[in-house]
Amino acid sequence: MTSSASSPNHIVVRDLTLAYGETVIQRDVRFEVPRGRIFVIMGGSGCGKSTLLRAMIGLLEPAGGEVLYDGTSFWGADPAERESMTRHFGISYQSGALWSSMTLAENVSLPLEEYTALDGDEIARIASLKLALMGLAGFEEYYPAEISGGMRKRAALARATALDPEILFFDEPSAGLDPISSERLDELILELRDSMGMTIVVVTHELASIFTIADDSILLDAQSKTMIARGKPSDLLEGSSDPRVVEFLSRGRKGGGAELGPRGDGTAEG
Amino acid sequence: MSTSRSDDGTLVVRLEGSWSVEAGIPSADPMIREISTPPPPACIAFDASALEDWDSSLLAFARQLGDAAGARGVKVDPSGLPAGARRLINLAAAVPERADARKKTRRDRPLARLGDGALSFFETTGGLVRFIGMVFLSFLRLLVGRARVRGRDFWLFVQDAGADALPIVSLISFLIGVILAFIGALQLRQFGALVWTANIVAIGMVRYLGPMMAAIIMAGRTGAAYAAQLGTMTVNEEIDALRTLGISPIDFLVLPRILALILMLPLLTLYADFVGMLGGAVIGTLAFGLGAQEYMSQTQSILTMKDFLSGLNMAASYGVLIAIAGCFQGMSSGRSAAAVGEATTKAVVMGIVLIVLATAFWTVLYDILGI
Ligand SMILES: Nc1ncnc2c1ncn2[C@@H]1O[C@H](COP(=O)(O)OP(=O)(O)O)[C@@H](O)[C@H]1O
Ligand SMILES: [Mg+2]
């Protein structure tokens with residue numbers, strides 16, 4: 001895959017305003033993601049994380065501001081150009097969004113059929129590899145309705161990585177997963193960054209994930225309709241003076257502190 | 001429950017007895033009146049010493065009173081409430097209401113409703129026209145071999161719209177044939193023209209009722225199914241996933257469904273025609289004593305190829321319309337289970353309306369062309 005090394009930032013989000021019709025969901029969202037980093041979009045439910053993601057992948061035109069990939073404006077580009085930019089995205093949706101009428105293998109194969117010159121046998125081999133990487137070896141012929149929610153999440157990730165994308169977008173990967181599966185998923189995300197150099201954008205509010213995977217993050221707030229923090233989550237927890245930020249990042253420490261290990265520090269309350 | 005004013009102007013609300021939701025929530029209105037009449041109390045306090053039992057009814061009461069007091073600048077001292085109730089009320093107040101979270105309650109005046117209805121009608125019509133345009137473009141792409149249609153899907157839809165629909169189509173068309181023959185025979189017998197019953201059944205089925213009945217069955221069966229399938233795919237973000245992959249959902253999901261119905265509805269119609277005529281023959285021979293041979297030759301003498309073709313042409317057009325109504329409603333579905341149900345209903349209604357409009361169109365056209 002070709003890409004200019006000249007611009008250090010793979011993704012730039014500049015003063016983005018998101019709205020459904022007249023209703024503004026978020027405004028003045030801005031951040032940059034360098035190539036090969038994991039960027040986490042945090043926030044309580046309903047604050048507009050998925051909406052921001054939809055604007056970044058071309059499903060919702062922002063009401064203002066712009067998104068740049070390798071310095072090229074995404075929404076400023078014409079539709080054909082935008083489509084070719086989208087080709088380098090891998091997307092895993094909040095609901096999984098596996099195509100229900102197709103088996104897992106067919107789900108992973110479709111992008112390959114669409115955009116590679118591989119023959120049927122090669123495609124089947126790659127599909128099976130991608131499924132195996134996500135711990136789904138042997139499930140090629142299953143339909144999405146026949147596997148569990150956690151497996152669907154992983155199958156969606158297999159499909160998202162089918163074309164070895166440059167950027168992986170991930171909406172709430174660990175929502176609804178048990179702690180062990182969710183930990184495995186975090187390892188996998190780190191591995192995709194380290195071994196394949198992918199730039200990864202993850203939407204989540206799971207603290208365990210946030211502290212494990214994030215190189216950088218923003219925190220969206222539903223009340224003020226804008227981002228209220230920007231930085232590496234552990235730095236934010238120590239350095240932020242905004243009580244909302246500290247509260248978001250230390251929430252759950254009371255009960256779940258043990259699970260997080262040494263970080264379960266003095267924020268506990270009666 | 002009673003209230004009293006203490007010397008320092010505090011309004012003390014005495015809570016008594018057992019509070020339960022089943023017994024109802026006592027109104028806070030008397031107390032609200034009390035704090036609204038000057039001079040207002042400096043503070044509201046509670047005395048729960050005589051309170052035996054409480055549940056959410058107490059919380060709702062205290063919250064209403066608290067809101068009213070807050071709006072009038074009267075302080076509330078919750079310390080007299082049971083500790084558990086105090087904590088729950090704090091919890092309910094912990095996340096303040098978002099300024100614009102509450103939906104504006106709409107005034108539903110008849111004229112406004114009419115206007116809304118008209119607007120949404122035009123919106124739907126506009127959307128439908130755009131959708132048909134996209135389908136047409138997709139069809140052109142298919143002709144030049146650039147559309148992404150999965151053959152296997154197409155055959156599945158063909159099977160679903162064909163073989164699987166046979167039982168219900170058989171039942172309905174047989175009954176329609178029976179009814180036509182019965183009504184026809186009763187009237188024609190009075191003129192001694194009983195054998196013309198065969199004409200009524202044959203022409204009625206082949207030219208109009210065969211195609212229309214098959215179409216109405218398929219609008220309820222397959223059109224609704226298409227809307228539900230595509231609506232669910234919208235909810236599951238499956239359609240988004242196709243779009244971001246650069247695959248047109250029209251090529252991939254809509255076109256095979258439309259093609260399946262264009263192919264299958266004429267075939268079903270042909271089948272319905274014959275089953276209907278069979279129903280007519282059964283009544284004609286068994287109930288009215290016509291000879292089977294006589295009935296057959298009368299039918300053969302009246303039907304022409306033109307009759308069949310005009311019926312099949314109508315059927316093909318119904319196929320397109322039903323599939324378009326189903327797919328259009330499915331793809332414009334909202335993102336919830338209720339929205340999918342609504343889309344399904346709308347698909348059936350729209351399908352039937354389009355069938356009626358198309359029938360009127362073809363009838364006039366055939367009349368002008370003398371077919
Ligand atoms: N299609 C839509 N039309 C109108 N409002 C929407 C739509 N989708 C989401 N919203 C609103 O946008 C806000 C943010 O939603 P979303 O981005 O899904 O939140 P999150 O992913 O952070 O939980 C919510 O308040 C929701 O009500
Ligand atoms: Mg979301």
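Three principal axis extents, largest first, for the C-alpha atoms of segment A:130-225, in Å?
47, 28, 22
Once the protein assembly as shown is represented by equal point scatterers at the alpha-carbon sites, with solvent omitted, what log10 I(q)/I(0) does the Debye formula produce at q = 0.08 Å⁻¹?
Once normalised to I(0) and log-transformed, intensities are -0.81.
Roughly how many debye, to the nearest 20, is the charge dipole of segment A:99-164 about its Cα centre, given +1 on each Lys and Arg Cβ, -1 on each Asp and Glu Cβ, and no other charges?
440
Just going by the charge dipole of the protein assembly as shown, with Lys and Arg at +1 and Asp and Glu at -1 on Cβ, which of B:Thr234, B:Val21, A:Gly138 is farthest out on the positive end?
B:Thr234
Using R₀ = 30 Å, calculate the FRET efficiency as 1/(1 + (r/R₀)^6) where r is the Cβ-Cβ separation of B:Arg5 and B:Ala93; round to 0.05.
The pair B:Arg5/B:Ala93 has a calculated efficiency of 0.70.
Which entries in A:Lys49/A:Lys225; A:Lys49/A:Lys153; A:Lys225/B:Lys75 show an alpha-carbon gap greater than 21 Å?
Long pairs (Cα-Cα over 21 Å): A:Lys225/B:Lys75.
Compute, for segment B:2-95, the length of the dipole vector about the Cα centre, with Cβ point charges of +1 (Lys, Arg) and -1 (Asp, Glu) only. Units Debye, rounded to 20.
The calculated dipole for segment B:2-95 is roughly 340 debye.
Quick one: divide the alpha-carbon radius of gyration of chain B by 2.2 N^0.38 Å and tell me what you get.
That works out to 1.64 for chain B.
Under Stokes-Einstein, with the Kirkwood radius over Cα pairs standing in for Rh, what whole-number D in µm²/s applies to segment A:43-199 at 25 °C and 0.890 mPa s?
149
State the Kirkwood hydrodynamic radius of chain A in Å, one decimal place, computed from all pairs of distinct Cα atoms.
Computed over Cα pairs of chain A, the Kirkwood hydrodynamic radius comes out at 19.4 Å.
Work through the residues other than B:Val149 whose Cβ is under 11 Å from its Cβ and net out their charges, Lys, Arg +1 and Asp, Glu -1.
Here the charged neighbours net out to +4.
Once segment A:99-164 is represented by equal point scatterers at the alpha-carbon sites, with solvent omitted, what log10 I(q)/I(0) does the Debye formula produce at q = 0.14, 0.22 Å⁻¹?
-0.32, -0.80
Percent of Cα-Cα pairs more than 22 Å apart in segment B:212-309, please.
53
How high is the relative contact order of segment B:2-95, in percent, counting Cα pairs under 8 Å that sit 6 or more residues apart?
31
Please give the contour-minus-distance gain from B:Leu175 to B:Leu278: 0.36 nm per residue of separation, less the Cα-Cα distance, rounded to one decimal in nm.
36.1 nm
Work the Kirkwood hydrodynamic radius out for segment B:118-276: mean of 1/r over every pair of different alpha-carbon atoms, inverted, in Å.
Kirkwood radius, segment B:118-276: 18.1 Å.
Provide the percentage of antiparallel DSSP beta bridges, counting only those with both residues in segment B:2-95; round to the nearest 5.
Close to 25 percent.
So what's segment B:242-371 giving for Cα Rg divided by 2.2 N^0.38 Å, two decimals?
Compactness ratio reported: 1.43.
Suppose the chain between B:Arg189 and B:Arg33 were pulled fully straight at 0.36 nm per residue; how much longer would it get relative to their current alpha carbon spacing?
So the extension gain works out to 47.8 nm.
Please determine, in degrees from 0 to 90 and to the nearest 10, the orientation of helix B:224-235 with respect to the longest principal axis defined by the Cα atoms of chain B, where the helix direction is its Cα long axis.
Helix B:224-235 and the main axis of chain B meet at about 40 degrees.
Which value does Rg/Rh take for segment B:142-190 over its C-alpha atoms, Rh per Kirkwood?
Result for segment B:142-190 is an Rg/Rh of 1.41.
Once the other residues with Cβ under 15 Å from the Cβ of B:Ala69 are scored (Lys, Arg +1; Asp, Glu -1), what is the net sum?
Taking every other residue near B:Ala69 into account, the sum is +1.
Mind jotting down the three principal axis lengths of segment B:186-246 based on Cα atoms? Whole angstrom, largest first.
Principal axes ranked by extent give 69, 19, 8 Å for the Cα atoms.
With only Lys, Arg, Asp and Glu charged, each at its Cβ (+1 for the first two, -1 for the last two), find how big the charge dipole of segment B:134-369 is about the Cα centre; round to the nearest 20 debye.
Its charge dipole is roughly 300 debye.
Please compute the contact order of chain B in relative form: average sequence separation of alpha-carbon pairs under 8 Å and at least six residues apart, divided by the residue count, as a percent.
The normalised contact order for chain B reaches 17 percent.
Taking the Cα atoms only, what angle lies between the long axis of helix B:151-161 and the longest principal axis of chain B, rounded to 10 degrees?
Its long axis makes an angle of about 90 degrees.
If I take every Cα pair under 8 Å that is 6 or more residues apart in segment A:91-213, average their sequence separation and divide by the length, what percent do I get for the relative contact order?
29
Please list the radius of gyration and Dmax for segment B:2-95, considering alpha-carbon atoms only, with Å as the unit.
Here Rg and the maximum Cα pair distance are 12.6, 36 Å.
Calculate how steeply helix B:56-71 sits against the longest principal axis of the alpha-carbon atoms of chain B, using the helix alpha-carbon long axis, and give the answer as 0 to 90 degrees to the nearest 10.
70
Bear in mind that the values in this text are calculations on the coordinates, not laboratory data. What you see is a predicted model, and the numbers here were worked out from it, not measured in a lab. Methodologically, a virtual Cβ is constructed for each residue, glycine included, from the backbone with ideal geometry; neighbour enumeration extends over all protein chains shown.
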